[in-house]
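Please read the structure below before turning to the comments.
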Amino acid sequence: NEYNDKLSVLNAIAYLQDRSGRTHTAAALELTRDDMFSTSNGGRSGDDDVVILMTDGKSNINQDETVPEAEDLKNDGVRLMVVGIGDRVNMGEVNDMATDPDSTNTFFVETMGDMEDAASDILDELCQ
């Protein structure tokens with residue numbers, strides 16, 4: 001609810017920082033499904049639910065749960081767009097998580113510095 005136009009989203013993305021460490025994507029997806037779209041957290045009936053997941057594409061905590069959690073989220077009607085970041089992205093995992101078709105719901109950037117271009121492409125796709 002904080003960002004209402006393309007420019008404010010792009011400005012927020014410009015300040016993202018690369019964080020190294022473990023990747024527990026399954027837990028993030030579960031939390032998103034359980035909490036993010038409730039009316040108490042800003043969910044609005046009648047609006048499309050969209051998640052933009054940015055990941056190195058290499059889940060390493062409960063990795064067997066990552067794709068099933070993504071499937072549960074998509075089965076709830078959420079469009080899941082996934083951005084793979086870095087030179088070791090598991091594009092298979094990225095594609096498996098994303099809503100089909102992959103051509104409009106998966107993106108790849110080599111560095112966090114390239115995120116603004118991907119964000120612009122995503123916003124163009126969403127704001128047609």
*asked:* Pairs needed: first member in segment 102-116, in contact (Cβ under 8 Å) with a residue 24 or more places away in the chain and within 14 Å of residue 52 (Cβ to Cβ); second member anywhere, among the polar types (S, T, N, Q) and not in a strand (DSSP E or B); C-beta distance under 6 Å; at least 6 residues apart or different chains.
replied: 105/99; 106/95
*Within segment 53-60, identify whether any single residue is open to solvent by 20 Å² or more (accessible area, probe 1.4 Å), touching a Leu at 6+ places or on another chain (Cβ under 7 Å) and either aliphatic (A, V, I, L, M) or in a loop (DSSP other than H, G, I, E, B) (or both), and answer yes or no.*
yes
*Would you mind telling me which numbered condition in (1) outside any loop (DSSP other than H, G, I, E, B); (2) open to solvent by 60 Å² or more (accessible area, probe 1.4 Å); (3) closer than 23 Å to residue 30 by Cβ residue 80 fails?*
(2)
_Qualifying position, being open to solvent by 60 Å² or more (accessible area, probe 1.4 Å), out of contact with any helix residue (DSSP H, G or I) (no Cβ under 6 Å at 6 or more places or on another chain) and modelled with pLDDT of 90 or more, among 65, 71_ = 71
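Return the residues of segment 31-47 that are touching a residue at least 40 places away in the same chain (Cβ under 8 Å) and either exposed (fewer than 10 other Cβ atoms within 10 Å of the Cβ) or within 18 Å of residue 81 (Cα to Cα) (or both); say none if nothing qualifies.
Hits for segment 31-47 are 32, 33, 37.
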*What are the pairs, 6+ residues apart or on separate chains, where a residue within segment 54-68 that is more than 16 Å from residue 82 (Cβ to Cβ) has its Cβ under 8 Å from a residue that is open to solvent by 80 Å² or more (accessible area, probe 1.4 Å) and in a loop (DSSP other than H, G, I, E, B)?*
60/22; 61/22
*Right, residue 115: assigned to a helix (DSSP H, G or I) and either small (Gly, Ala, Ser) or in contact with a Leu (Cβ under 9 Å, 6 or more places away or on another chain) (or both) or not?*
yes
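The values are calculated or read from the model by the stated rules, or taken from the named source; none is laboratory data. Remember, it's a predicted structure, so these values are computed and weren't measured experimentally. Glycine gets a Cβ as well: all are built from the backbone with ideal geometry, and neighbour counts include every protein chain shown. When the accessible area is computed, the model is the full protein with side chains, heavy atoms only, and any ligands, DNA or RNA have been set aside. Shrake-Rupley method; radii C 1.70, N 1.55, O 1.52, S 1.80 Å.
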